[in-house]
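What follows is a set of notes on a single structure, which appears directly below.
The values are calculated or read from the model by the stated rules, or taken from the named source; none is laboratory data. Note that the structure is predicted; figures quoted are calculated from it, not measured. We place every Cβ from the backbone using ideal geometry, glycine too, and count neighbours over all the protein chains shown. Remember, those area values only see protein heavy atoms, side chains included, never the ligands or the DNA or RNA. Shrake-Rupley method; radii C 1.70, N 1.55, O 1.52, S 1.80 Å.
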Amino acid sequence: LPVLFKEELKSEEAQEGASVTLSCELTKEAPVKWKIGPKVLKASDKYQMRQSGTTAELVIHDLEVKDA
């Protein structure tokens, strides 16, 4: 069976310069790639990715308008 979203991303609002956590839940364990447009995000001081079982999280630090 294909991997599907059990719980999709929800819109989040945050202030510039703050941090935000985005999360989704899958129907089964699978690797997740986070993207902004066509660009695949890589772990850095700005982006933190965590995955535990079927739940994946992306933390974006020091938010800027371009992160919308």
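Let's see how each residue does on (1) charged (D, E, K, R); (2) part of a loop (DSSP other than H, G, I, E, B):
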residue	(1), (2)
6	yes, no
13	yes, yes
22	no, no
28	yes, yes
43	no, yes
56	no, no
66	yes, no
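Spot the failing condition for residue 18; the list is (1) part of a loop (DSSP other than H, G, I, E, B); (2) among the aliphatic types (A, V, I, L, M); (3) open to solvent by 60 Å² or more (accessible area, probe 1.4 Å), and only one is missed.
Every condition holds for residue 18 apart from (3).
Quick one: what pairs do we get from segment 1-18, first residue farther than 14 Å from residue 68 by Cβ and free of Cβ contacts under 8 Å to residues at least 40 places away in the same chain, second part of a loop (DSSP other than H, G, I, E, B) and open to solvent by less than 100 Å² (accessible area, probe 1.4 Å), C-beta under 7 Å, 6+ apart or different chains?
Here the result reads 3/27; 3/28; 3/30; 4/27, each pair linking segment 1-18 to a residue that is part of a loop (DSSP other than H, G, I, E, B) and open to solvent by less than 100 Å² (accessible area, probe 1.4 Å).
Report the residue count in segment 26-36 for those that are over 13 Å from the mean Cα position of the chain (by Cα) and open to solvent by 70 Å² or more (accessible area, probe 1.4 Å).
Total meeting the criteria: 3.
Restricting to segment 1-44, count the residues that are closer than 13 Å to residue 55 by Cα and not hydrophobic (A, V, I, L, M, F, W, C).
11
So which residues in segment 37-68 are open to solvent by 50 Å² or more (accessible area, probe 1.4 Å) and either in contact (Cβ under 8 Å) with a residue 40 or more places away in the chain or of a type in the set (D, E, K, R) (or both)?
39, 42, 45, 50, 57, 61, 62, 64, 65, 66
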